[in-house]
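Step one of this worksheet: look at the structure below.
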Amino acid sequence: MSHTQPMATSFDLAAIRSEFPTLKRRVYDDKRLIFLDSAASSQKPLAVTDAMDSFMKTSYANVHRGVHRLSQEATDAFEAARTKVAGFMGAEDREVVFTKNTTEAINLVAQSWGRKNLRPGDEILLTVLEHHANIVPWQLIAEETGAVVRAVDIQSDGTLDMDDFVEKLGERTRMVACAFVSNVLGTVLPVEDIISRAHAKGALVLLDASQAVTHRRVDVRALDVDFLAWTGHKLYGPTGIGVLYGKYDLLDAMPPYQGGGDMIDTVSFAGTTFREPPFRFEAGTPAIVEAVGLGAAVDWVEGVGLQAIAAHEADLLDYAMQRLAVSNDVRVFGTAPEKVSVLAFQLGEHHANDVGTILDRTGVALRVGQHCAEPLHDRLGVHSTARASFAAYNGRDDVDALLDGLAVCRELLG
Ligand code: PMP
């Protein structure tokens, strides 16, 4: 894999930034681009774009099918990416299913595991802070099977209400599906506790780790989690590729999610038999180039050091929280003691859209709206929020720019 930039050995922000060409862009009147929208999707380092480019230029072919040289090279590259992803989260290769994104990974479990195992009156326990990707797939399968979706509440600081969890986790709970980290509040959920309590009641646990894997080490074995879903494009990788981890025995007992090429053993009009996991769940030509990109992204993150990135982002979050705390007109949502990298807020009574639009003209890119978490916004009693989020390439100067931008908002919005 080619890698044109030297890898930073210790946390060197300038060196890291230099690996992200997008960040060199100027916007509007030659303003520096301040990218604070990485929770939606992160920018890509050269290590990732180069790996994808080089693969397409030298070894590209379809995988798993050809006896020819290129097809074998492509298959090796694709499977090497699976091995990297598996190693990244402490899984076995055969427990890693490549999907399109987190959304598809959760739909896969809901449709395949859910249709086979859910009965009328069974309960699927979610939380109010879930992303729609971890709500709607469960509603769809509940509708079909007669199962019931319930949601655990939060406390005012954004921590999960564990009393409510304990109360709602019942004999009928078959699946607990919750975020590892909230994409709005930044709250880190007490997943170890959730998993052990759920298992004690005989329920399985699916963790939506979309916002977790970029900020902390996620080890599926240590967690003893049953399913874990995440998406490549937030981990400095490309779009179009996501990951479903499942304990092998669970995956092996699940029927196919989609049918097609590559997922079968034999096909005849008398009947078709299916391959073992993960291939059973990867019908059709997979996202080959994107898998190579995701493998490079995992290498990049490991090269910089997940802990170093996490420590850097924690410093940024502290700094931002401190600077915002002195502004009486800023209301921050989510002040849980365990919180990472995401900062949702409201500026006075101003609509988040107005704030985001003005900030954009100052060069600050952040997200406004409900961040695909409408039930959470209902629970918080607000229509929308502005959300700044931090990644490895952000610095305190970005936080300062956000604060300067908010001063411009106050001037213009009154
Ligand atoms: N869950 C969480 C917590 C997220 O933040 C996101 C992305 N915003 C998703 C799920 C969905 O990810 P994707 O759109 O890549 O499927």
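Couple of notes before you dig in:
- Filter result for the condition that a residue is of a type in the set (Gly, Ala, Ser) and touching a His at 6+ places or on another chain (Cβ under 9 Å), over 151, 212, 200, 179: 179
- Residue satisfying all of: in the range 75-103; surrounded by fewer than 22 Cβ atoms within 10 Å (Cβ to Cβ) and within 16 Å of the ligand (Cβ to nearest atom); farthest from residue 40 (Cα to Cα) among these: 100
- Failed item, numbered, when residue 367 is tested on (1) among the basic types (Lys, Arg); (2) away from the ligand (no atom under 16 Å from the Cβ); (3) in contact with a Ser or Thr (Cβ under 8 Å, 6 or more places away or on another chain): (2)
- Given (1) more than 16 Å from the ligand (Cβ to nearest atom); (2) surrounded by 17 or more Cβ atoms within 10 Å (Cβ to Cβ); (3) under 22 Å from the mean Cα position of the chain (by Cα); (4) assigned by TED's automatic domain parsing to the domain that holds residue 228, number of the condition residue 20 does not satisfy: (4)
- In the range 34-53, the residues that are over 14 Å from residue 297 (Cα atoms) reach residues that are β-branched (Val, Ile, Thr) and within 16 Å of the ligand (Cβ to nearest atom) with C-beta atoms within less than 8 angstrom, at least six apart or across chains, in these pairs: 38/214; 39/342.
- The set of residues in the range 217-246 that are within 9 Å of residue 105 (Cβ to Cβ) and either surrounded by fewer than 22 Cβ atoms within 10 Å (Cβ to Cβ) or not small (Gly, Ala, Ser) (or both) comprises 227, 228, 230, 231, 243, 244, 245.
- Highlighted here are the helices (runs of 4 or more DSSP H) found entirely within the range 298-414 that include at least 1 residues which are under 21 Å from residue 154 (Cβ atoms): 306-325, 352-361, 374-380.
- Conditions (1) in a loop (DSSP other than H, G, I, E, B); (2) surrounded by fewer than 15 Cβ atoms within 10 Å (Cβ to Cβ); (3) charged (D, E, K, R); number of the one not met by residue 57: (1)
- Taking the range 104-124 as the range and being over 24 Å from residue 291 (Cα atoms) and within 15 Å of the ligand (Cβ to nearest atom) as the test, no residue passes.
- Residue match in the range 125-135 (condition: touching a residue at least 24 places away in the same chain (Cβ under 8 Å), among the aliphatic types (A, V, I, L, M), in contact with a Cys (Cβ under 9 Å, 6 or more places away or on another chain) and away from the ligand (no atom under 16 Å from the Cβ)): yes
- Residues being more than 13 Å from the ligand (Cβ to nearest atom) and in contact with a Gly (Cβ under 8 Å, 6 or more places away or on another chain) are entirely absent from the range 159-170.
- The lone exception for residue 362 - which of (1) more than 16 Å from the ligand (Cβ to nearest atom); (2) over 22 Å from residue 29 (Cα atoms) it fails: (2)
The values are calculated or read from the model by the stated rules, or taken from the named source; none is laboratory data. Keep in mind that what you see is a predicted model, and the values were worked out from it rather than measured. Here the Cβ is made from the backbone with ideal geometry for all residues, glycine too, and neighbour counts use every protein chain on show.
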